[in-house]
Structures are given as structure tokens and as C-alpha cells.
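Quick notes on the structure that follows.
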Amino acid sequence: MLVSFPGQNNMLVLRSFMILFFSCITIKINLCFPSIPSSLKTLSIDGHFDFEQVEHAAKDFGNRYSYLPLAVLYPKSVSDVATTVNHVWQIGGGSELKVAARGHGHSLQGQAQAHRGVVINMESLQGLKMQVHTGNFPYVDVSGGELWINILRQSLKHGLAPKSWTDYLHLTVGGTLSNAGISGQAFRHGPQISNVYQLEVVTGKGEVVNCSEKQNSDLFYSVLGGLGQFGIITRARISLEPAPEMVKWIRMVYTDFATFTRDQEKLISGQSTFDYVEGFVIINRTGLLNNWRSSFNPQDPLQASQFKSDGRTLFCLELAKYFNHEDMVLVNQEIKTSLSQLNHIPSTLFISEVPYMEFLDRVHISEIKLRSRGLWEVPHPWLNLFIPKSKIHSFAQEVFGNILTDTSSGPILIYPVNKSKWDNRTSVVIPEEDVFYLVAFLSSAVPSSTGNDGLEQILIRNKRILDYCEIAGLGVKQYLPHFSTQGEWKSHFGPHWEAFIRRKSTYDPSAILAPGQRIFQKPIAYS
């Protein structure tokens, strides 16, 4: 049985993943396929299969790949998922029939698709009603196909909210937990996979297994950040905390990268005043501060109006401080004291005050605007990297100084996180240093363009960045990785490769390879 599933996009989400499969005799494949749809029709399930309207399952946010499945399963119960996965496993690896769990379709490179396979529409999964549990250690039980935005809405009714987020909330729980799930809160609470108490997983054999730190722990940590290679997350228990009412949302500008990173690293160390720390890069753009004025107020309007950004590479720091109305005076003083210790350009300090929900769902506002202009469903050749702190200046000098000429194709995020907040028992691969940076190139390609904003040129630029990282030996790891060869995957996992193979053989036994047999890895996901 070949299970393919994972899950941002950060964003983020928004979310690339892999599946191990091996070759078989062509004539055997051809003999297998005709009988597969009819065998699926014989399964006793609460939901249903669709063998006709499958085109939507061959699309995703990346908008670069399109693989038609044989069927789409709309499960009403976890049993439906388990029955289907077990059936495909019983057929055997010789058919190369794959199963992909699809959440909100936010994968980037066809990861939630299954060519001539079965796509499970996880958003149709029923049976588990979202349940918020209050108390000293509050949590919420949710379906793996639930969207984070719905979890936020429901938990806020109880004055609670999850601790860690992606920048984009319209992603599924199973999708982000299959990767990591990161945003500006990760320096304090770690990624989303560090804030899970329990999972229900359908393994590669179709077994339904409950797992946690103390129960079936090897499966628990395998699945978290496991790129969908060990099973499908059908339920999760997410840690909650008291939710604030409001957010002080702050932006400021730097022209010196060393000063910018030094302030970022200061903000994520010790007892930081702020709850969210992110940054982004602006190259060869004009009107930067004017674009902020509709949502932010400059602290000194006169000085802000005199700031000129033309032609310069700028580094923007974005901060958030959560608070309740009764704490306004104290919070304002804390922010004033903290900002006085930073070295940004004073005239570029902009502050806004917004409800907590509005801040967390801010990217969706941009989505609505882009959809209205027909600019959402375009190719998204995103590149997300984890870069060791000791190498970030070398990286910036080459990439922001030489490889990139502008940032017109999309935002570039850059911010540090603390490794101590990441559990090293999970499957996610990160740099070895105590502090490392996420650098995310969130490009949108203009259809039919042959310029710098076209798909081909963006892909060439991405390759130049990756080639430089490899040649310079920066120790970079990809987030939402996408590789096509065994050698690339082995390099990605490094010393964790053998552990990955052991776990894979345990929970997806059909992937155990005969001596000398080549491993192919196909990225796939669930988001």
C-alpha cells in the first residue's frame, strides 16, 4: 500500500511531500487498472466514491501540476478512510495504486494528487464534532480535515485559541501537522507540531491507531512532520491557551541587514515582550510606506512622508503584541520600552490596533482581493528554506545582493526561530544550530509572461538560490521539500534517513524493498 498525504502553507501554509514507491512490470500494471474501479465500488462505506467528476482533485494552489485520479472518495467516517486504505494495501504494491489525502488543496507541487489513484477528500470527513475542553490544560478535538480558521472561530467562543499558527488559516489540521506549521509565533511556542497532545491515524495498512507521547509514541512522532508517509491524520487534539481580544500590530524598516537580524534575534531571546516576530525583504520597490497607510498609522507622519525607499533593499520588521482592553496602559508602556531598544529607522515606525481574529486571518483579506482581480489561481513556485543562523549573512549577501533584482513577484519572509521549541523526536528536518531562519520566497507567476515575473524565470531563480546554498555548504534544509531522486531525499534527511526508512517499513510495510531495488520518491501532500 502506498499512502501519500501531508500538508502551507504558511502561511502559511501553505505546505510538498513524498511517497516511496517502486517499479513493477508494465504488463502487470495494465492488467491491474481495469479492475480497480469496480473493486472500489464493492466496498461497504458510509460515504461514496466519484469516478466521473474528478478534475478538481487534479488541481492545487501551486497550479503547476495536474494528475487525474481514478476516483475521489468522500468519506463520512474514519472507517471509510480505513476501509479504502486497507483495500488498496490488500491489492498490493504491484498495482502502484496510490492514495492521497486532500484537504483544502493548498499543496504546491501536486502533492495532494494521485495519478490514476484515489484522492480522499478530507474536508467531507464527518462523525467527529469539534469539541473544546476548558480547564487547566485546555484543548480542542478536531477532524484532520478541519480548517484552522474554523478552529479559531469555535475556540474563541470559549475565550481560547491554539498557541501556534500558520500565516494563512484556510488550511487543514492534517495538512499542516504533516509538515510543521510555522509562523511568527514559532519562536515562543514552536511550530504547530509542538502543540499537539494526541492523534488518530489511519496507517498504510488501513489500521486506525490512537497515538500520543505515551501511547504508540513512535507512530505519533513519525506522523508529525512526516510528509504523509506514515498514515493519514483523521483526528487531532490541539493545545489551547487563553485568547487575547486585541493586537498591537507594528511595522518598521531597516536598511542594514546585520542590524535587522540582530534586532530580530534579540526579540526571540529571553522574555520577549512581543508575541509574534516576522520580517520581510523589499528590493527595488517604491511607495512602501504609502502602501501601509491604509492600515497603519505612522508614529511621526511628517518624517514618514519624507522617507524615500526608491532603489534600496529594505528589511521590514513586523511585530505583534496581544492584549486585553483592561491592560492597555501597561501594554503601551511595555511596547514603548521594547521599541526604544531597537535600531530601526525612527521615521518608519507604523502601528495599528486590530482585533485578534482580524490579525490572524489577515492573509485571507489579501486572497479575496487577488481573487477579485483573477490573480489567485496562478502558478505559485514557492521556495521555503531553513537556514542556520551562522550562515544567514552569507546567504543574504549573495541572494539579496546578486541573485534577486526585485521582489515584484511576491513577498519574501525572513525570521528566526528557536530550535529548543521544536521536538527532535518528530520527523521534520531542521538545521542543527540553536537558532535558524525561515526564508520563504512566496512567488506568484504571471501567466504567459516571459519576464522576471514569469514561471520559467522564477524557477530559474529558485534553482540559482538552491545551487548557491549547495556549493557554499550552508547546511540549508528545505521546508515543504520536493525532490525526485533517492539521493536528494537521503541528503535531505541526512543522519535521520535510516530512522525514516525504519519507520516507513513499520507503518507502510508494502514499501519494504527487495535488495537492489531502487526507491523512487514522489512528493505529495494534504493541506
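Determine whether Lys463 is within 27 Å of Arg188 (Cα to Cα), assigned to a helix (DSSP H, G or I) and among the charged types (D, E, K, R). No. Checked against (1) open to solvent by 70 Å² or more (accessible area, probe 1.4 Å); (2) modelled with pLDDT under 95, Lys389 passes all but a single condition, namely (2). Taking the numbered list (1) open to solvent by 30 Å² or more (accessible area, probe 1.4 Å); (2) of a type outside the set (A, V, I, L, M); (3) under 30 Å from Arg188 (Cα atoms) in turn, Pro431 passes all entries but (1).
Any residue that is over 19 Å from Val202 (Cα atoms) and part of a strand (DSSP E or B) - is there at least one of those in segment 85-94?
no
Tell me, yes or no, whether segment 274-282 has at least one residue that is of a type in the set (Ser, Thr, Tyr), surrounded by fewer than 19 Cβ atoms within 10 Å (Cβ to Cβ) and over 15 Å from Ile392 (Cα atoms). No, the conditions are met nowhere in segment 274-282. Across segment 188-233, the number of residues qualifying as within 16 Å of the chain's Cα centre (by Cα), small (Gly, Ala, Ser) and assigned to a loop (DSSP other than H, G, I, E, B) comes to 4.
Can you find, within segment 342-358, the residue that is most open to solvent (accessible area, probe 1.4 Å) among those that are more than 16 Å from Leu317 (Cα to Cα) and part of a helix (DSSP H, G or I)? Can you show your working first?
Going residue by residue through segment 342-358, those that are more than 16 Å from Leu317 (Cα to Cα) are 353-358.
Still in the list and also part of a helix (DSSP H, G or I): 356-358.
On the way: Tyr356: 8, Met357: 59, Glu358: 97 Å².
Among those that are more than 16 Å from Leu317 (Cα to Cα) and part of a helix (DSSP H, G or I), it is Glu358.
Restrict the check to segment 145-167 and report whether at least one residue is of a type outside the set (S, T, N, Q), touching a Phe, Trp or Tyr at 6+ places or on another chain (Cβ under 6 Å) and either at pLDDT 95 or above or surrounded by 24 or more Cβ atoms within 10 Å (Cβ to Cβ) (or both). No, segment 145-167 has no match at all. Every condition in (1) among the β-branched types (Val, Ile, Thr); (2) surrounded by 19 or more Cβ atoms within 10 Å (Cβ to Cβ); (3) farther than 19 Å from Gly228 by Cα is met by Thr134 except one, and the failing one is (2). Is it the case that segment 444-456 has a residue that's assigned to a helix (DSSP H, G or I) and open to solvent by 30 Å² or more (accessible area, probe 1.4 Å)? Yes, there is a match, as at least one residue in segment 444-456 is assigned to a helix (DSSP H, G or I) and open to solvent by 30 Å² or more (accessible area, probe 1.4 Å).
Just to be sure, is Glu241 out of contact with any helix residue (DSSP H, G or I) (no Cβ under 7 Å at 6 or more places or on another chain) and either farther than 21 Å from Leu360 by Cβ or modelled with pLDDT under 85 (or both)? Working first, answer last.
Details: out of contact with any helix residue (DSSP H, G or I) (no Cβ under 7 Å at 6 or more places or on another chain): yes; either farther than 21 Å from Leu360 by Cβ or modelled with pLDDT under 85 (or both): no.
Spelling it out, it is not the case that Glu241 is out of contact with any helix residue (DSSP H, G or I) (no Cβ under 7 Å at 6 or more places or on another chain) and either farther than 21 Å from Leu360 by Cβ or modelled with pLDDT under 85 (or both).
Considering segment 95-104, and only residues there that are in contact with a strand residue (DSSP E or B) (Cβ under 8 Å, 6 or more places away or on another chain) and either assigned to a helix (DSSP H, G or I) or not β-branched (Val, Ile, Thr) (or both), the residue that is surrounded by the fewest Cβ atoms within 10 Å (Cβ to Cβ) turns out to be Glu96.
Across segment 430-485, the qualifying residues are those that are within 21 Å of the chain's Cα centre (by Cα) and among the hydroxyl-bearing types (Ser, Thr, Tyr), and the one among them that is modelled with the lowest pLDDT is Ser484.
In this entry, Phe260 passes the filter for residues that are assigned by the TED database to the domain that holds Gly279 and touching a Phe, Trp or Tyr at 6+ places or on another chain (Cβ under 7 Å).
The values are calculated or read from the model by the stated rules, or taken from the named source; none is laboratory data. The model shown is predicted, which means the values in this text are computed figures rather than measured ones. With ideal geometry, Cβ positions are generated from the backbone for all residues, glycine too; neighbour counts draw on all protein chains shown. Only protein heavy atoms, including side chains, enter the accessible area calculation; ligands, DNA and RNA are left aside. Shrake-Rupley method; radii C 1.70, N 1.55, O 1.52, S 1.80 Å.
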